[in-house]
Each structure stands twice: as structure tokens, then as C-alpha cells.
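The structure appears right after this line, and notes come after that.
The values are calculated or read from the model by the stated rules, or taken from the named source; none is laboratory data. Quick caveat, the model's predicted, so the values are computed rather than measured. We place every Cβ from the backbone using ideal geometry, glycine too, and count neighbours over all the protein chains shown. Keep in mind that these areas ignore ligands, DNA and RNA; they rest on the heavy atoms of the full protein, side chains included. Shrake-Rupley method; radii C 1.70, N 1.55, O 1.52, S 1.80 Å.
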Amino acid sequence: MNFENLFSYNVTQYTLVSHVLTLGFGVMAAGLVYFLATRGSAAPRYQLASVLSAVVMVSAFFELWVLSERWRQAFTWNGTAYVQSDVLFSNGYRYMNWSIDVPVLLIQLLIVLGITGRAFHRNWAMFVVGGLGMIYTGYAGQFHEVDRSAPYWVWGLVSTAFFVFLLLLVARVIFGSLARLPESARGPARAVWWLVLVSWLLYPGAYLMPAMWDSADGVVARQITYTVADITSKVIYGVLLGVIARKVSVAEGYAPAVEDDVARPRGGITAAAR
């Protein structure tokens, strides 16, 4: 039972949630096309990262589409407001999606940073265990968000411990790999760290929304927060990893990446974006 089911919504509140969920799965569809179209611009050893970004886009698209449909079914217009129907809205779909996406997103990081062998497998195992621990303990806690009883806070704290562990591990992996990267890729690699830090911090904020803003407006803020976090931590993150992969490919002399780099305009907005 999520706190979204406790309220009725005016037209603005209901429409904002509906639209932001639609924006979310629309961005994931666009991201899928982008990652498939740009896969060949990096050396073969890094192309798996783009494929995995496409996998994340498919997974997130279906999750956000299901949430959008669930929102539509959970509330009906009674002439003055959108009120609860006999269908419950559930954020649990998000957690199931994250249990797929988070390990995949973190494995992509290892690929583009060129981590291999035992170090790859060691970090991969810690990423998977830490990621699933964070997600499933948060999932357990959200069942208690309506009454905000002890399990809500206990599971939230356990999830936060896994969250901090993952952030420290991501920082260690990124900053420990900078020396191996060409100078041109170090800036984007640092940007990935800041993006992960900021975008991931949105998730505990959304988890705590029932305690911070227990109202229909809080529901709207929560769904916007969750969706913005999904877009930034999946699509923009994937784009930045693609930038790193292409820059490393150029430094390694991969011909398609070098040709693409030479063909890019050097001035104005395009150069600033690079």
C-alpha cells in the first residue's frame, strides 16, 4: 500500500503525474534509439556498454509505461476530482525495474573504464550484491510507508547503508581509473561521478516523501523526483559513458572513432559539448 492511494487529486495534480510518467517512458524510447545508433562509434571492446544501455532503456520503458497505465486505472474522475478506484497504484514496479537496471548500469562503468580480469569480477560482485541489497531492503520498507512504522525506518536505514557502500565503491572505481584514461576522457569520467552522486540522492528523497510531505502535492513531487532521477541516472549516465568510450577509442586509434572525431565541428556549441 503506497501513500499515492490515500488521496484524491485535482486535475492539475493528476495530469502532472500522468505527463511526467509519459515523459519518462518517452525519453527511454528515445534513449534506446540513440544507444543503438551510436554503438559503432566506439571500439568493439566498449560497444557492450551501449548494448547494455539499450537493455536498460527497454527495461525502464516498460516499467514507466506500466506505472503510467496503473496511474490511469487507479483513479477515476467523479466530476470534481480524481478519486481512488478498485485498483491500487504501486511503486513496487520501480524496485523490480531497478533490480535489473542498477547492476547493469554499474557493470557498464567497469567496461568503459577498461577494468578487466580479477578486478572486474571482484567489483562486479560487489556492485551486484550492494545494488540488490539496497533495492530489496528499500522495497521491503516501502510497504510500511503509509503508517511509517518501525520497519519503514529500519529498512530505509539498511538500504541507505548499501547506498553509501555503492557510492564509495563507484568513487573508488572512477578515481582509481583516471590515470589509465586519456586526458580527454578524464573530465567526462569525473562528471559521471557527480552525476551518480546527485541523481542517486534523489531516490532516498523520494522514499522519504511520505514523511516529509504527506499530501497530494507530495505525491506529485515524489513522482517527478523518481522520474527525473531515472532519466538522469540512466539516459544521461549512458550518454556520458558513451562519450568516455569514444574518447578512449580515439586515443587507442580505433579508425571509426578517429574519423568521427575529425569530422566533428570544432567551434561553438558542439565543441563545448565535447
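In the list 196, 219, which residue meets the criterion of being over 18 Å from residue 139 (Cα atoms) and touching a Phe, Trp or Tyr at 6+ places or on another chain (Cβ under 8 Å)?
On the way: 219 fails: over 18 Å from residue 139 (Cα atoms).
Result: 196 is the single residue among 196, 219 that is over 18 Å from residue 139 (Cα atoms) and touching a Phe, Trp or Tyr at 6+ places or on another chain (Cβ under 8 Å).
Pairs are defined by a Cβ separation below 6 Å, a sequence spacing of at least 6 or placement on different chains, a first member in the range 223-234 that is touching a residue at least 40 places away in the same chain (Cβ under 8 Å) and more than 12 Å from residue 28 (Cβ to Cβ), and a second member that is part of a helix (DSSP H, G or I) and aliphatic (A, V, I, L, M); the pairs so defined are 223/17; 223/20; 224/20; 226/206.
I'd like to know if the range 41-56 contains one or more residues that are within 30 Å of residue 7 (Cα to Cα) and either in contact with a Pro (Cβ under 9 Å, 6 or more places away or on another chain) or touching a residue at least 24 places away in the same chain (Cβ under 8 Å) (or both).
To start, the set of residues in the range 41-56 that are within 30 Å of residue 7 (Cα to Cα) comprises none.
Within the range 41-56, none of the residues are within 30 Å of residue 7 (Cα to Cα) and either in contact with a Pro (Cβ under 9 Å, 6 or more places away or on another chain) or touching a residue at least 24 places away in the same chain (Cβ under 8 Å) (or both).
Within the range 216-223, the presence of at least one residue that is more than 21 Å from the chain's Cα centre (by Cα) and open to solvent by 70 Å² or more (accessible area, probe 1.4 Å) is confirmed.
Please work out if residue 238 is open to solvent by 10 Å² or more (accessible area, probe 1.4 Å), of a type in the set (Gly, Ala, Ser), touching a residue at least 24 places away in the same chain (Cβ under 8 Å) and in contact with a Ser or Thr (Cβ under 9 Å, 6 or more places away or on another chain). So residue 238 does not fit the description; no. Take the residues in the range 30-54 that are surrounded by fewer than 16 Cβ atoms within 10 Å (Cβ to Cβ) and closer than 24 Å to residue 224 by Cα; name whichever of them is nearest to the chain's Cα centre (by Cα). Across the range 30-54, the extreme among qualifying residues is 30.
Of a type outside the set (Phe, Trp, Tyr) and at pLDDT 95 or above: is that true of residue 119 in this structure? So that I can check it myself, show each step before the final result.
On the way: of a type outside the set (Phe, Trp, Tyr): yes; at pLDDT 95 or above: no.
For residue 119, the condition - of a type outside the set (Phe, Trp, Tyr) and at pLDDT 95 or above - is not met.
Considering only residues that are assigned to a helix (DSSP H, G or I), of a type in the set (A, V, I, L, M), farther than 27 Å from residue 177 by Cβ and in contact (Cβ under 8 Å) with a residue 12 or more places away in the chain, which ones fall in the range 194-212? Correct list: 206, 209, 211. Condition first: closer than 30 Å to residue 91 by Cβ and surrounded by 14 or more Cβ atoms within 10 Å (Cβ to Cβ). Now tell me which residues in the range 173-203 satisfy that. Across the range 173-203, the qualifying residues are 173, 174, 191, 192, 193, 195, 196, 199, 200, 202, 203.
When only residues in the range 73-110 that are among the aliphatic types (A, V, I, L, M) and touching a Lys or Arg at 6+ places or on another chain (Cβ under 9 Å) count, which is farthest from residue 146 (Cα to Cα)?
Keep residues of the range 73-110 that are among the aliphatic types (A, V, I, L, M), which gives 74, 81, 83, 87-88, 96, 100, 102, 104-107, 109-110.
Now narrow it down to the ones that are touching a Lys or Arg at 6+ places or on another chain (Cβ under 9 Å): 87-88, 105.
Numbers: 87: 17, 88: 13, 105: 31 Å.
The extreme case among them is 105.
Please go through the range 55-69 and pick out each residue that is touching an Asp or Glu at 6+ places or on another chain (Cβ under 9 Å) and surrounded by fewer than 18 Cβ atoms within 10 Å (Cβ to Cβ). Lay out the reasoning, then the answer.
Step one: filter the range 55-69 for residues touching an Asp or Glu at 6+ places or on another chain (Cβ under 9 Å), giving 55-56, 59-60, 63-64.
Answer for the range 55-69, where residues must be touching an Asp or Glu at 6+ places or on another chain (Cβ under 9 Å) and surrounded by fewer than 18 Cβ atoms within 10 Å (Cβ to Cβ): just 55.
Out of the range 137-148, which residues are touching a residue at least 24 places away in the same chain (Cβ under 8 Å), crowded, with 18+ Cβ neighbours inside 10 Å and not β-branched (Val, Ile, Thr)? Result: 138, 139, 141, 142, 145. When the range 86-136 is limited to residues that are of a type in the set (S, T, N, Q) and over 21 Å from residue 63 (Cα atoms), the one that is least open to solvent (accessible area, probe 1.4 Å) turns out to be 123. Residue 191 meets all of the listed conditions (1) farther than 22 Å from residue 168 by Cα; (2) in contact (Cβ under 8 Å) with a residue 24 or more places away in the chain but one, namely (1).
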